[in-house]
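Here, each number is a calculation from the coordinates, and none is a lab measurement. Here the structure is a predicted model, which means the values were calculated and not measured. Methodologically, a virtual Cβ is constructed for each residue, glycine included, from the backbone with ideal geometry; neighbour enumeration extends over all protein chains shown.
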Amino acid sequence: MNIEFYRSASGRNYVKRFIKKLNFEEQLRLYAVFEDIKLFGFKSLKCQFRQLDGKLWELKVRVIGSGYRFFYVMLSKEVMMVLHAYKKQSQKMPKRELDVAKRRMKEDLS
């Protein structure tokens with residue numbers, strides 16, 4: 001599977017920027033998860049996948065002491081577009097994070 005990261009019209013890559021702000025161990029863990037997805041697709045055991053709304057999906061990743069969420073869409077059977085990421089801090093998904101992902105999905109799919 002190929003994994004692409006959303007870029008804004010100005011060329012900003014918000015997901016990679018988010019990952020770069022994390023400590024080195026967390027960065028390694030997250031990139032290892034993406035490599036695992038590239039190799040094994042949805043059979044990857046290092047994360048969980050969940051459909052949220054129509055074409056919008058959530059990728060759940062746990063690291064020691066916290067968790068991260070990535071929103072994505074499938075552009076084709078073999079291409080995943082990661083739209084947005086955030087650090088999980090509560091049981092409930094913040095509406096703001098979901099709204100950002102939906103807006104980027106609409107931009108990317110239009």
Worksheet item: Distance from the Cα centre of region 90-110 to that of region 9-77, in angstrom?
Response: 14
Discussion item. Taking amide H atoms as placed 1.01 Å from N in the peptide plane, list the residues 5 or more away in sequence, or in a different chain, whose amide H sits under 5 Å from that of Phe5.
Written reply: Val82
Worksheet item: Based on Cβ point charges of +1 for Lys and Arg and -1 for Asp and Glu, what charge dipole magnitude is obtained for region 46-101 about its Cα centre, in debye rounded to the nearest 20?
Response: 240
Fill in: ³J(HN,Hα) computed for each position of region 99-110 - Karplus, 6.51 cos²θ - 1.76 cosθ + 1.60, integer Hz, glycine/proline x
4, 4, 4, 5, 5, 5, 4, 4, 5, 6, 8, 8
Fill in: Using θ = phi - 60° and Karplus 6.51 cos²θ - 1.76 cosθ + 1.60, couplings along region 27-39 (whole Hz; Gly, Pro as x)
4, 4, 4, 5, 5, 5, 5, 5, 5, 4, 5, 4, 7
Practice prompt. Using label points projected 7 Å from each Cα along Cα→Cβ, tell me how many nm separate Gln27 and Gln51, to one decimal.
Written response: 3.6
Fill in: HN-Hα J in Hz across region 48-63 - Karplus 6.51, -1.76, 1.60, θ = phi - 60°, x for Gly and Pro
10, 10, 8, 6, 9, 7, x, 8, 7, 10, 10, 10, 9, 10, 9, 10
Fill in: Given charges at beta-carbon only (K, R positive; D, E negative), |dipole| of the chain in Debye
340
Worksheet item: Mean 1/r over all different Cα pairs, inverted: what Kirkwood radius does the chain give, in Å?
Response: 14.2
Worksheet item: What net charge is computed for the residues neighbouring Ser44, neighbours being all others with C-beta under 11 Å from the C-beta of Ser44, Lys and Arg scored +1, Asp and Glu -1?
Response: +1
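Counting only other residues whose beta carbon sits under 11 Å from that of Ile64, what net charge do I get with K and R as +1, D and E as -1? It would help to have the intermediate numbers written out before the result.
Numbers: positive: Arg29, Arg62; negative: Glu25, Glu26.
Value of the local net charge: 0.
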